[in-house]
Structures are given as structure tokens and as C-alpha cells.
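A.B. asks: Here it is, the structure in full.
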Amino acid sequence: MTVPRMETGFELPVRPAEIPGTLDRGDAQALQLVDGFIRGVSLLGRFFRSPGLIGLKVAPPSSGPVRITLTLGYDGATVSWWDDRVPDAVQPRMHTAPRLLLVRAQGDTRTAVVLARRGTTAGVATVSFEVDATELDPDGLLTIELADPAAPPAWVSEAAAPFGAVGVRLDSVSMSTDVVEPAGPQVTPAGLIVIGPESAGASSWQLRAALAGDAGGAGASAAGTGRTPPPFGLGSAIPRGRPLPPPEPRTRVGRWMSGLKGRLQAEARLDGLRHERGERPELEVSGQMHREVKVTPAGHRDGRAPVGPEAVLDDLLRGLVREKRLRVRALGLLTGAETRLPVSYTGRVVEIGAPGTSSGEPLFIRIDAVEDELFSAPELRQHHVEWRLVG
Amino acid sequence: MAESKELGPFCRAAAKFWSGTARPAGDDVVLVELMSQDLRVAIRNLTLASALCRTNPARMVVLTGTSKDDDPRTALAEAYGAADVVDVHGLVDALMHDAKVAPFVVAGRTVDLDAPAEPIAGDILATFVDATAALAHKAPRLGAEERQGPRYQRIKERAQVYSRLYDALCAGLEPAALVTSSVDYTHTGLAAESARRAGVPVVQVLSTGTLQARALFPPAGDGTFRAELTHRLGAAFDEHVWPHRAELHRRADHTAWTNALGRGRPASWRGGGEVSLLEFRNPAEREAVRRHAMARYGFDPAKPVVTVYVPDLTGALHGTVEAFEEPATWLKEMAELALARTDVNWLFVDHPEQGAPDYFAEVAAKHPGPRYVRSMDLSKNVLFALTDLGLTTRGAIAAELPAYGIPALQAGWSEWSELGISTVAADENGYWRTLRDTLDALVAGKALLTDDQVAKARLWMWFHRVATDVPTMLVQHWELGDGDELLGTLKTTFQYAEPDADPLFEAVRRMWTRREPFLTRYDLAEGPEGIA
């Protein structure tokens, strides 16, 4: 049996992290060991390999559960570190894609987290889990590892980048013995959700799709610039992380022709006609619609009110759910079990039924449309659709 | 090296420094090899030769690979006061073109290329040719096709001429010593080989640390430079270091500690930085990391992990005694064994600067089952947390693992392999037998490493990083690089420092007069009293 002989007599004592307490600097003594992780200065550090691991020296409480909360970040460096460090052989280059990460501690998967950013706005996510005091050995380490799910199905690997931890920021690790209400599931704008084991018992989840340009929405500021690049479009057939294909044909005539049908439909909706117009439109819209357009008096025709993007979205979602083209798929992150979840749509809320056989394992859920209506509808191009969990 | 602003001022300062009292002139000749493009190597060789000339008054004759006046090495040779410069590549080109070259004069002595000298034995020449060809072809082993190819033939023909030229230089100049940075490959290794046969002491300056050198004084045995040095290092360690283990124990532990922190000279098989830290301190902490690491590779936690450290498959082949003719054979057979012995987990780790990465990938593809990883994809924390037994041919890892309680078995010799740190098998049958017994013992849960082996491993780490590393202002630490920072620093030394009693001069004098196999920081004969 191999017994390591590390002691040299020169080791400095390590001050273990107190519980409760927060570690948020890379030079903390309690951050004793790293693997695939670079210690930071004003943050705990950043992962440069996936999987990556940190080992914390902690003073365990006498008994009871310890709730550990990680604050993770996805910023510009997350993108560039992935592009620089993930081998070129990994194709497609998904450096800007969301990251799906298993959160492991003391050798076991505890929960998972999905990280994304919208445009260039840094994304921040918190994820928490419990370890029992008996799992913490004062001679050993509290290990926290971020890892990729093993052999994910294609619908997962096309939505979330491999080598997911590369570039991910670990802002802090908080430890507490208080009974903390765990944060509910988090959802990325593009409709990726991780349901932690705490919430896995729910019978259903309710989501609302909103336009990023909504005044009441979190994305209001982004929409205020009017220039946010497209996010990972809900239901887009374009795999995430790849450059977008040329949006339109090259020739002027081709461009005009290719946009014709969509424009006709859009203008019909704007005009409140709700059916296609047979003749050539008088107003060229071609995807550059601004919010002003819908409130412009000129938009009123024959006294009929124009249809706002919200209503278009509502209409689209209702149609997608009715035609069973809104797919909601779930992956059990321990068992690898895949399920398609039932969806219903009432009062602008999408309700997702939980898989009946929930074993308390963390679940990854992806919502997408069979076709890419939500991406291509002209009214929505400007605004982008985002999902928010409402219950 | 790129255009340097500091080279000119540095050379002027060096010329003034060395032309003063620093070095008496004598009639002897010291040959200094200056074939490397790396200025750190050139400066080290010239500095060591200059120190040698202080002890043994002589003129320096520089062997270089260029005749260009604007080559930095030519400028350096001049600045350090070389009496003459021999353009080896130029002479070899001429000899390849025309077998008859008139005798020429070097440093006042006549070198006759046609004077009969006993030529190098064909099989020894062939090992140099094969090692050079493997490097040139980036091939771990050469097939019949490659051996027939024009490239191989050219290397072979050139090798014969190199050997003839070096023989003639040794016969004509009767040098007091050869100072070289490399004892491998045709263009440098054959010089060391000629010197060995001519009874000329060979000093190899190492490309690491501050200033480290190994020396082989005649009579040299029949083995290669490295193999012969293994004996001498082993004997010197037993005589001067091991008896003082009680006094040196704290110093050795300190080196083991700085090494774990990634400080000091980085382990030869990886660089510095976060990937080179060894941060767990006790079995419980190692176990915490190991649980995650085992899961990553899908290892069975009930079985031990055997790590196969793959050497650079094209690097310095045939340089010493090895159980397998080529490390590539060893790798392939280890991969086959790994498929058969499923009572342990197998991890194959490639060399960080593998010359034949395709071969590693090919072996991995043909023998699925064991885990194959690139060195830099693993942190040292994970690597040492996983490894229960390390296997290598001659890698430095076989001396490093035991310093932290992990046993190692090697299929061949290394500098330290007579010290008893690792288990060493020098022939194929012995290797398989030892490996089988070792694996059986590992699976049975037996301890494979003694306390003495751990102590020896740490003492060796201290000895080769500290005791045989001479701090001198006349060169700078290897890690400073070979740019203007180095030249600027040395220029300051030459402008403002006096050479009197530089530690290097005393170290070289000791090595030279006592014919010791290495430079030392302190007088080993006096013992380590008061060195720390």
C-alpha cells in the first residue's frame, strides 16, 4: 500500500475556514489545494481546465448539515479562456455557449448549475448544496469540483459547451450552518434550466417567456441600447457558438425575395389583419422594426389596433404548445435518463410537468422549439425572447 | 536569437573582464563546444572553461557551427578570449565534399585530418547516428525504409566525418579538457566520444540551475558518458552524502518542501506554475483529491493506480543503459501488459515535450482500456494523488515520486539510479520479472518503499539541486532566459565585480584537482558542517 510521505517539517500551519464564513480571495490560506484552477486576487479564482477542483481546509462544526454556496461568473475572460485553452480539435468552437456543470463535493455529485451570459453582460449564478458535518474531516479537505456531465446526449451537447468549467469564475464560497432556503432553480435566457435536488420534488415548474425589451423585464437596460447581439436564440436551428450564417442572400433581389413572406406576415400582423396580405407591402420592415413602429399612428389602419410583439409572442407560444412543437426535454444528471416533459400554456405561462420518476437527482432541462419561429419572427428579432421561472 | 541591443556592450564588458587578471594564459588547450544557439548554453560553457583555464592555465579553442562574424557565438568566443575558433560545420561540409583537406593550424598547433587515428567503433557510431536520426525524423524507432533513405544516409556520412574531425582535433591539439553542453547526438556527442577515447577529460555543463557540471576523467570505462557517470555519482553519493544523512536531513526536507511548492528548479518533466504545485500534506488530504481523480478517469477505487510515465520517445536514445533498445518498445509492451493486468488501474502520462506525440496517440488508439493523458492536462496534485506506483525508463520522476513516499520502478539507468531510490531493471527479462513482483506486492497491499529510500530521494533532490549547483555571478540562473535581461545583468557583473574568489573558481579547482564527477558548492571532503 502506498502511503504518501508529504511531511517535511517546513509546512506553515493553515488556518481553516470558519463556518459560517465566506472565502472570496485566492490568497486565503484555507484555499489549500487547486487543480485546473488559478487563484485570484479579488475573487477566489478562475478555472482553466475542466474538470477543475479546489480543496478547502475547513473547521467542521460538531454536527448537522453545512450549506455551501458558490457564486460563479461567466464573463469575457470566460469566453477567451475557453477559446485559448480548449484544444483546437474540439469542434465546433462553443466558447460563447452556455456552460452546464456538475457540482461535486467530497467525491459525489451534489447538484448542477447552468451558466450563460446575454450579449456581453456578465452572467452570475449561485449554486448551493449541503454536506454533512460528518463528511468533513479536519485532517482532510472539503473538495469542490466543477465537472462536465458524462456523455451527454446531442441535444445537451449542442446547447452547452464541452470543457464547461474552462474560464468560469469562482467569486466566492460561502459556508453556513443556518437552515437556508435554497435558491430555486435558475434559468438562462435561452431556456436552459437546472433543477437542483432540493426542487426536484416539485410536480411542475412555471415559466414565462418575455421579450428582453420589456420595460418590466430584467433585460430592459440591454434593450435600451437597442444593439444587443442575438442571444442563443430559443429554438434556433443554429448551433450555439458557431458564427451565424449570412443572414440574407447576397443579391439585392434575392434579399428582397427571401424576406418577402416574413415581411408580409409581419405587416399583416402589425396591421391587425392577422392574415397574409396578398399584395406587395407598402411598408418595408425587413426585420428592422423599432418599437416606435407599433405606436406610430401611421401604423393604425382603418381604426384597427396594431399587434405588439408581446401579443405576437403569446400567439406563437400558444401555437407552438398546441402543435406540440415546443419541446421540453430533461436529462437526469446522475442517471443520464432522458425524458420529454409535458407542456401546457395558459395565461402566458408555460407549465412544465416534472418527470414522474424523480429520484431527487439534479435535472437539466432544455426548452426549444422544433422550428425556429421564436428566432425568426421579425418582431422578435429586435427584442429576443427570454425565459423566466415564475413558480 | 533575435537582434540584441545588449550583446555588443556585454561583449565589450566581458572582454575587459577576462583580459585582465582573471585568467592566466598557458600552453595547454581547452576545447569548448559552442554549437547551441542558446546564449545561456554558450555563456555557461565559456565561463566554465575560463574557470578551468585559471586552475590549469590554457588557451580556449572554441568549436562552433558557424563561420559568420556576426553570429553571437563568434562574438562571445572573442569576448571570452578564445585563442581560436573552429567552424565545425564548415570543415565537415568541406570534408564531405572532398575527402582530402590540407592540415590546418589551430591555436598554433597543426591538425592533420589524415593522420591515422583509431576510428570509432562502428556499433558505437551507429548508436549516435540512430539517436540523431530519430530526432530528425521525429520517429521513435527507425524502420528499414528510413535507414535506406537519403536523410539517414546523410546523417550517417556526416557522423563519420564529425568523428574523424574530432579525433584529429584531439590528436593534434592534445587538449587538457573538452567542455561541452551535450554528450548526445552526432555533432556534439561524437566530440565527447573522441575525447573519451583519447583520454581527454570531458566536462558537461548542464542546462539548468545556476551552474552545474558533470565531469568524466580518464580512465573512462566502456560505457557511455551517462552510464559511466551513473557509477561515479553513485560512489560519490555513498561516500560523501549518505554518511552525513543525519546532518543533512533538514536540508533535504527543505528541498523537498520547496519542490512541492513549485519553487526552485522545476522538475524536468514539467514547467512551473499552478500545474506544478504539490499541495496535499497528509494521507487524508491526498485521499480527498484522489476520490475525485479516480472518478474522472473511471478507475476502480478498490485497485491501486499504476502510472506509466512515457519519456520523450525521440530524445537522446541509446545514451545510457536501458532495458529496452527503444523506449517506444517499452511503451507498446506496457500498453499490452496494461490490457492483461486488470488488477490495477493504469494511467499513461505522456512527456510534456514529446518528440513523437503521434506514436503515443497510436499506442493509445490500439490499446483502449488504460487511460492515456497528456502531461499538462493533469495537475501535479492530481497526478501524485493518483499514483501508487510510477513506472518509467529513465525519467526524473523515478527520483521525485519516492521523495513523497511513492515507489518507482525504472527500465534503465539514470544519473541517480545507483542510489537505491527506485527499483532499477537494466535488462528486459529482469524488468518483466521485477515488474510482475512489484505489481503483485502492490495489489497485496505491501509497502514498496523504505524510509531509507524516502530519505535518499530527498537527499538526492537536495544534492543535485543545491550541493552540485554553484552560485556564481559569472552566469545567471537558467530561468532568467537568454535575452537582454541576462546580458544586461552579466554586463553589470563584468563592469563592477572583481573575479577574486568567485565561488565558481574554487569549485572548478576542487573538481579538477580531485577529479570529482561534479562541481560542488562546498567541499564534500570537509563534510556539511555549517553549510546551512
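A.B. asks: Just wondering, is there one or more residues in segment B:338-352 that are away from chain A (no Cβ under 14 Å), closer than 30 Å to B:R226 by Cα and in contact with an Asp or Glu (Cβ under 6 Å, 6 or more places away or on another chain)?
C.D. replies: Step one: filter segment B:338-352 for residues away from chain A (no Cβ under 14 Å), giving B:338-343, B:346, B:348-349, B:351-352.
Restricting the remaining residues to those that are closer than 30 Å to B:R226 by Cα gives B:348-349, B:351-352.
Among the residues that remain, those that are also in contact with an Asp or Glu (Cβ under 6 Å, 6 or more places away or on another chain) are: B:351.
There is at least one residue in segment B:338-352 that is away from chain A (no Cβ under 14 Å), closer than 30 Å to B:R226 by Cα and in contact with an Asp or Glu (Cβ under 6 Å, 6 or more places away or on another chain).
A.B. asks: Might you check whether a residue that is outside any loop (DSSP other than H, G, I, E, B), in contact with an Asp or Glu (Cβ under 6 Å, 6 or more places away or on another chain) and surrounded by fewer than 20 Cβ atoms within 10 Å (Cβ to Cβ) occurs anywhere in segment B:439-446?
C.D. replies: Taking every residue of segment B:439-446 in turn, at least one turns out to be outside any loop (DSSP other than H, G, I, E, B), in contact with an Asp or Glu (Cβ under 6 Å, 6 or more places away or on another chain) and surrounded by fewer than 20 Cβ atoms within 10 Å (Cβ to Cβ).
A.B. asks: Being at pLDDT 90 or above, within 21 Å of B:R109 (Cβ to Cβ) and open to solvent by 20 Å² or more (accessible area, probe 1.4 Å) is the filter here, so list the residues in segment B:25-54 that pass it.
C.D. replies: B:D28 - this is the single residue of segment B:25-54 that is at pLDDT 90 or above, within 21 Å of B:R109 (Cβ to Cβ) and open to solvent by 20 Å² or more (accessible area, probe 1.4 Å).
A.B. asks: If you don't mind, another one. Do you know which residues across segment A:7-29 are within 12 Å of chain B (Cβ to nearest Cβ) and either in contact with a helix residue (DSSP H, G or I) (Cβ under 6 Å, 6 or more places away or on another chain) or of a type in the set (G, A, S) (or both)?
C.D. replies: A:T8, A:G9, A:F10, A:G26, listed by residue number.
A.B. asks: Quick one: is A:R39 modelled with pLDDT of 95 or more, more than 9 Å from chain B (Cβ to nearest Cβ) and open to solvent by 50 Å² or more (accessible area, probe 1.4 Å)? Quick ask: steps written out before the conclusion?
C.D. replies: On the way: modelled with pLDDT of 95 or more: yes; more than 9 Å from chain B (Cβ to nearest Cβ): no; open to solvent by 50 Å² or more (accessible area, probe 1.4 Å): yes.
In short, no.
A.B. asks: Answer with yes or no whether B:S268 is within 33 Å of the chain's Cα centre (by Cα), at pLDDT below 95 and open to solvent by less than 10 Å² (accessible area, probe 1.4 Å). Give the derivation first.
C.D. replies: On the way: within 33 Å of the chain's Cα centre (by Cα): yes; at pLDDT below 95: yes; open to solvent by less than 10 Å² (accessible area, probe 1.4 Å): no.
So B:S268 does not fit the description; no.
A.B. asks: Does any residue in segment B:387-411 that is at the interface with chain A (Cβ under 9 Å from one of its Cβ atoms) and part of a strand (DSSP E or B) come within less than 6 Å, Cβ to Cβ, of a residue that is buried (at least 24 other Cβ atoms within 10 Å of the Cβ) and at pLDDT 95 or above six or more places away or on a different chain, and which pairs are these?
C.D. replies: B:L389/B:V306; B:L389/B:P407
A.B. asks: Could you please let me know if B:V105 is within 26 Å of B:L39 (Cα to Cα), outside any helix (DSSP H, G or I) and among the β-branched types (V, I, T)?
C.D. replies: Working: within 26 Å of B:L39 (Cα to Cα): no; outside any helix (DSSP H, G or I): yes; among the β-branched types (V, I, T): yes.
No, not satisfied.
A.B. asks: Wholly within segment B:188-270, which helices (runs of 4 or more DSSP H) include no fewer than the required count, namely at least 2 residues that are acidic (D, E)? Full working, then the answer.
C.D. replies: Working: elements: B:190-198, B:225-236, B:245-260.
Where helices (runs of 4 or more DSSP H) fall fully within segment B:188-270 and carry at least 2 residues being acidic (D, E), they are B:245-260.
A.B. asks: In addition: I'd like to verify a number: residues in segment A:43-60 that are within 25 Å of the chain's Cα centre (by Cα) and either open to solvent by 20 Å² or more (accessible area, probe 1.4 Å) or more than 8 Å from chain B (Cβ to nearest Cβ) (or both), how many? Walk me through it before giving the result.
C.D. replies: Keep residues of segment A:43-60 that are within 25 Å of the chain's Cα centre (by Cα), which gives A:43-54.
When the remaining residues are screened for being either open to solvent by 20 Å² or more (accessible area, probe 1.4 Å) or more than 8 Å from chain B (Cβ to nearest Cβ) (or both), the result is A:43-52, A:54.
So the count comes out to 11.
A.B. asks: Something else about it: Mind listing whichever residues of segment B:63-102 are in contact with a strand residue (DSSP E or B) (Cβ under 8 Å, 6 or more places away or on another chain) and assigned to a loop (DSSP other than H, G, I, E, B)?
C.D. replies: B:G65, B:T66, B:S67, B:D71, B:Y80, B:G81, B:A82, B:A83
A.B. asks: Here is a follow-up. With the structure loaded, tell me whether A:G73 is within 14 Å of chain B (Cβ to nearest Cβ), modelled with pLDDT of 95 or more and open to solvent by less than 40 Å² (accessible area, probe 1.4 Å) or whether it fails that test. Let's see the steps before the verdict.
C.D. replies: Numbers: within 14 Å of chain B (Cβ to nearest Cβ): no; modelled with pLDDT of 95 or more: yes; open to solvent by less than 40 Å² (accessible area, probe 1.4 Å): yes.
Spelling it out, it is not the case that A:G73 is within 14 Å of chain B (Cβ to nearest Cβ), modelled with pLDDT of 95 or more and open to solvent by less than 40 Å² (accessible area, probe 1.4 Å).
A.B. asks: Still on this structure, please answer the following. Take the residues in segment B:276-299 that are part of a helix (DSSP H, G or I) and open to solvent by 20 Å² or more (accessible area, probe 1.4 Å); name whichever of them is farthest from the other protein chains (Cβ to nearest Cβ). Let's see the steps before the verdict.
C.D. replies: Start the filter on segment B:276-299 by keeping residues that are part of a helix (DSSP H, G or I), which leaves B:276, B:283-296.
The next check asks that each one be open to solvent by 20 Å² or more (accessible area, probe 1.4 Å); those that pass are B:283-284, B:287, B:290-291, B:295-296.
On the way: B:P283: 6, B:A284: 4, B:E287: 7, B:R290: 9, B:R291: 3, B:A295: 7, B:R296: 6 Å.
Checking each candidate, the answer is B:R290.
A.B. asks: Before we move on, is B:V203 in contact (Cβ under 8 Å) with a residue 40 or more places away in the chain, more than 26 Å from B:W512 (Cβ to Cβ) and of a type in the set (V, I, T)?
C.D. replies: Values: in contact (Cβ under 8 Å) with a residue 40 or more places away in the chain: yes; more than 26 Å from B:W512 (Cβ to Cβ): no; of a type in the set (V, I, T): yes.
For B:V203, the condition - in contact (Cβ under 8 Å) with a residue 40 or more places away in the chain, more than 26 Å from B:W512 (Cβ to Cβ) and of a type in the set (V, I, T) - is not met.
A.B. asks: Shifting gears a bit: Out of all the residues in segment B:51-99, which are of a type outside the set (A, V, I, L, M, F, W, C), touching a Gly at 6+ places or on another chain (Cβ under 8 Å) and farther than 27 Å from B:R158 by Cα?
C.D. replies: B:N56, B:P57, B:R59
A.B. asks: Within segment B:301-337, which residues are charged (D, E, K, R) and either within 14 Å of another protein chain (Cβ to nearest Cβ) or within 27 Å of the chain's Cα centre (by Cα) (or both)? Show your work before the answer.
C.D. replies: Initially, segment B:301-337 is screened for residues charged (D, E, K, R), giving B:303, B:312, B:322, B:325-326, B:332-333, B:336.
Result: B:K303, B:D312, B:E322, B:E325, B:E326, B:K332, B:E333.
A.B. asks: Do any residues in segment B:510-532 that are of a type in the set (V, I, T) have Cβ atoms under 8 Å from those of residues that are assigned to a loop (DSSP other than H, G, I, E, B) and buried (at least 21 other Cβ atoms within 10 Å of the Cβ), where the two are at least six apart or on different chains, and which pairs are they?
C.D. replies: Filtered contacts from segment B:510-532: B:T520/B:T468; B:T520/B:V470.
A.B. asks: Restricting to segment B:338-376, give me the number of residues that are under 21 Å from B:P301 (Cβ atoms), part of a loop (DSSP other than H, G, I, E, B) and under 32 Å from the mean Cα position of the chain (by Cα).
C.D. replies: Here the count works out to 1.
A.B. asks: Could you list, in sequence order, the residues of segment B:163-187 that are farther than 17 Å from B:V61 by Cα and assigned to a helix (DSSP H, G or I)?
C.D. replies: B:S163, B:R164, B:Y185, B:T186, listed by residue number.
A.B. asks: Any idea which of (1) within 30 Å of A:P65 (Cβ to Cβ); (2) at pLDDT 80 or above is the one A:F163 doesn't satisfy?
C.D. replies: Only one criterion is unmet by A:F163, namely (1).
A.B. asks: Out of the residues in segment B:109-140 meeting the condition of being open to solvent by 50 Å² or more (accessible area, probe 1.4 Å), in a loop (DSSP other than H, G, I, E, B) and modelled with pLDDT of 90 or more, tell me which one is nearest to B:V62 (Cα to Cα).
C.D. replies: Residue satisfying both the conditions and the ranking: B:D112.
A.B. asks: B:G369 passes all but one of (1) closer than 18 Å to B:L439 by Cβ; (2) at pLDDT 95 or above; which number fails?
C.D. replies: Unmet condition: (2).
A.B. asks: Can I ask one more? Within segment B:368-386, how many residues turn out to be open to solvent by 20 Å² or more (accessible area, probe 1.4 Å) and either more than 10 Å from every other protein chain (Cβ to nearest Cβ) or aliphatic (A, V, I, L, M) (or both)?
C.D. replies: First, the residues of segment B:368-386 that are open to solvent by 20 Å² or more (accessible area, probe 1.4 Å): B:368-369, B:371-372, B:374, B:376-377.
Now drop any that are not either more than 10 Å from every other protein chain (Cβ to nearest Cβ) or aliphatic (A, V, I, L, M) (or both), which leaves B:368-369, B:371-372, B:376.
Summing the residues that are open to solvent by 20 Å² or more (accessible area, probe 1.4 Å) and either more than 10 Å from every other protein chain (Cβ to nearest Cβ) or aliphatic (A, V, I, L, M) (or both) in segment B:368-386 gives 5.
A.B. asks: Here's another thing I want to ask about it. Of the conditions (1) of a type in the set (A, V, I, L, M, F, W, C); (2) within 14 Å of chain B (Cβ to nearest Cβ); (3) under 30 Å from B:K303 (Cβ atoms), A:A112 clears all except one; give me its number.
C.D. replies: Only one criterion is unmet by A:A112, namely (2).
A.B. asks: Another one. With respect to B:L419, determine if the residue is of a type in the set (A, V, I, L, M, F, W, C) and outside any helix (DSSP H, G or I).
C.D. replies: Values: of a type in the set (A, V, I, L, M, F, W, C): yes; outside any helix (DSSP H, G or I): yes.
Criteria met by B:L419.
A.B. asks: Could you check how many residues of segment A:130-178 are surrounded by fewer than 17 Cβ atoms within 10 Å (Cβ to Cβ), free of Cβ contacts under 8 Å to residues at least 60 places away in the same chain and assigned to a loop (DSSP other than H, G, I, E, B)?
C.D. replies: Total meeting the criteria: 1.
A.B. asks: Here is a further query. For A:V156, indicate whether it is under 25 Å from B:E285 (Cβ atoms) and more than 14 Å from chain B (Cβ to nearest Cβ). Steps first, please.
C.D. replies: Details: under 25 Å from B:E285 (Cβ atoms): no; more than 14 Å from chain B (Cβ to nearest Cβ): yes.
No: the conditions fail for A:V156.
The values are calculated or read from the model by the stated rules, or taken from the named source; none is laboratory data. Remember, predicted model here, so these are calculated numbers, not experimental data. Don't worry about glycine lacking a Cβ; one is built from the backbone with ideal geometry, like all the others, and counts go over all protein chains shown. For the accessible areas, the whole protein counts, side chains as well, though only heavy atoms, and no ligand, DNA or RNA atoms are used. Shrake-Rupley method; radii C 1.70, N 1.55, O 1.52, S 1.80 Å.
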